[in-house]
Amino acid sequence: SSCPIDIPFTCTNSTPIENSCCFESPGGVFVATQFWDYYPAIGDNDSWTLHGLWPDNCDGSWEEFCDDSLNVDSRIKPILVDQFKDPELYEKMARSWKNFNGDDESLWTHEFNKHGTCVRTIRPKCYYNFKQHQNIYDYYKIAVSTYEKLPTYDFFAQEGIVPSDTETYSKKQIDDALTKHFGYPVYFKCNKFNALQEVWYFHHLKGSIKGEEFSRISRLNEPRCPESGIKLYPKGWKPPTVPHPPNPPTGGDRGFIKLPNHPGCLISNGHWYQYGTCATYQLVKSTFGGINLKTSKGFCGFDSLGQFACGPNYSPSKFQFQFNKDTKEIGYGGKYDWCYNPEGKHGTGKFQQIPVKLKDSS
């Protein structure tokens, strides 16, 4: 059955609308993300590449890897070309949805498993006559369709902002150009060379995502670029200090994890301990963004009770944390507030260990 015409846009409802095939919740902010990878050069020289379509929560936090039972379970090309007879979609993805290491399908798989499984209105129960992989096909089709409506290269070029190894631009120039063409302020991010590398477009949604009735909104994050001296390097430009294309880091920073205003620290299993030796945590850059946390016990994630834990059963591909370099805080899903979970404590006296978890927004 179709959705009611008077259903509100996401994040504008005054009463809760849950478990609905006609209303996205909690992921009511859809973020269309694009990258400009110039070294190594990825994608066409006159277009930004598609990175993903993310269902963020209304407060800017997000869920990820929401349902393993919905994960992509096969190669993607046969799903698009053979099952759904859409070679054009596959060709568009192969041209515009690029992975820096050349394995595009691994990026597509990651984006669906991390973000697509969190889109409620394409769950199998939301189809009248669900066909296997229909939700996967729809997610990719809608991500590409949204990307095509946002030609970032053209937005910039029409305002005189073009790739150059000598020209620089101000933060205001970048901001004004994107705002003019999108209609609302857009998030953008620079790398350590002050080079523009990411653009995120924010939307609300009315009804099921299958209807693609997006409404553009203002960014939820402030741009991360300097006020002036911003570069937009041509694809293929090589940083003078890097002789070869960088490999994904495997080392990473190391240190202790402590809770503010509390004695003690986290030990290797992820629990808080007041009197023992602090565990060394390793921050490893994740392949598709964010970081993984690792101790001598293994990688870290969350157990079935939502408690932070480290051990051999936690996959680095599923648990991707954030690290704020300015505040030195560790977050997950855009949330940085942690608390004790006294219900899970064990041991007594100085041997007592207490699990920690993300603070509930409620």
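Nothing in this text is a laboratory measurement; each read-out follows from the coordinates by a stated rule. The structure displayed is predicted, hence computed values, not measured ones. So basically every Cβ, Gly included, is an ideal-geometry build from the backbone, and we count neighbours across all protein chains shown.
In nanometres, what is the gap between the two model label sites at LYS345 and ASP46, each 7 Å from Cα along Cα-to-Cβ?
6.6
Given LYS172/LYS328; LYS285/LYS318; LYS131/LYS210; LYS92/LYS141, which pairs have Cα atoms separated by over 18 Å?
Over 18 Å Cα-Cα: LYS172/LYS328.
Among ASP326, ASP37, ASP59, which comes first, second and so on when ranked by fewest other beta-carbon atoms within 10 Å?
The order, fewest Cβ neighbours first, is ASP326, ASP59, ASP37.
Set Lys and Arg Cβ to +1 and Asp and Glu Cβ to -1, take the dipole of region 29-216 about its Cα centre, and tell me which of VAL186, HIS204, TYR128 lies farthest positive.
The listed residue farthest towards the positive side: TYR128.
Please list 3J(HN,Hα) in residue order for region 197-206, calculated via the Karplus relation 6.51 cos²θ - 1.76 cosθ + 1.60 where θ = phi - 60°; whole Hz, with x for glycine and proline.
Working through the residues one at a time gives 9, 9, 9, 10, 10, 9, 9, 9, 9, 10 Hz.
Taking the chain as a Gaussian network, Cα atoms linked when under 10 Å apart, which of PRO226, PRO312, PRO151 shows the biggest mean-square fluctuation?
Maximum among the listed residues: PRO312.
With a 4.7 Å Cβ cut-off, tell me which Cys residues in the chain come up empty for a partner.
Here CYS339 come out as lacking a disulfide-compatible partner, given the Cβ-Cβ threshold of under 4.7 Å.
Using Cα-only point scatterers and the Debye equation, what is log10 of I(q)/I(0) for region 1-151 at each q in 0.13, 0.16 Å⁻¹, rounded to two decimals?
Treating every Cα as an identical point scatterer, log10 I(q)/I(0) equals -0.63, -0.93.
Given the options SER96, SER218, SER25, which has the most mean-square fluctuation in a GNM of the chain, springs set between C-alpha atoms less than 10 angstrom apart?
Judging by the Gaussian network model, the answer is SER218.
Just need the relative contact order of region 1-119 here, percent rounded to a whole number, with Cα pairs under 8 Å and 6+ apart.
Relative contact order, region 1-119: 27 percent.
Label-point separation (nm) for PHE302 and PHE323, each offset 7 Å from Cα along Cα-to-Cβ?
Calculated label separation equals 2.1 nm.
Starting with the fewest neighbours, write out HIS133, HIS346 ranked by other beta-carbon atoms found within 10 Å of each beta-carbon.
HIS346, HIS133
Which three lengths, in whole Å and largest first, does the chain cover when its Cα atoms are put on their principal axes?
Here the spans come out as 66, 58, 41 Å, largest first.
So for TYR38, TYR137, fewest C-beta neighbours within 10 Å to most, what's the order? Walk me through the numbers on the way to the answer.
Numbers: TYR38 25, TYR137 19.
Starting with the residue having the fewest Cβ neighbours, the order is TYR137, TYR38.
Using Cα springs under 10 Å in a Gaussian network model of the chain, which residue among LYS149, LYS92, LYS318 shows the largest mean-square fluctuation?
LYS149
Place a +1 charge on the Cβ of each Lys and Arg in region 1-96 and a -1 charge on the Cβ of each Asp and Glu, then give the dipole magnitude about the Cα centre in debye, rounded to the nearest 20.
Details: 5 positive and 17 negative charges, 63 e Å.
Computed about the Cα centre, the dipole is about 300 debye.
To the nearest 20 debye, what charge dipole does region 29-216 have about its Cα centre, counting +1 at the Cβ of each Lys and Arg and -1 at the Cβ of each Asp and Glu?
Values: 21 positive and 29 negative charges, 100 e Å.
With only Lys, Arg, Asp and Glu charged at Cβ, the dipole is about 480 debye.
How many angstrom separate the Cα center of region 293-362 from the Cα center of region 35-53?
Cα centroid to Cα centroid, the span is 34 Å.
Quick one: dipole size for the chain, taken about the Cα centre, charges +1 on Lys/Arg Cβ and -1 on Asp/Glu Cβ, in debye to the nearest 20.
980
Straight-line reach from LYS345: which lysines have Cα under 21 Å away, leaving out those fewer than 8 places along the same chain?
LYS258, LYS297, LYS357, LYS359
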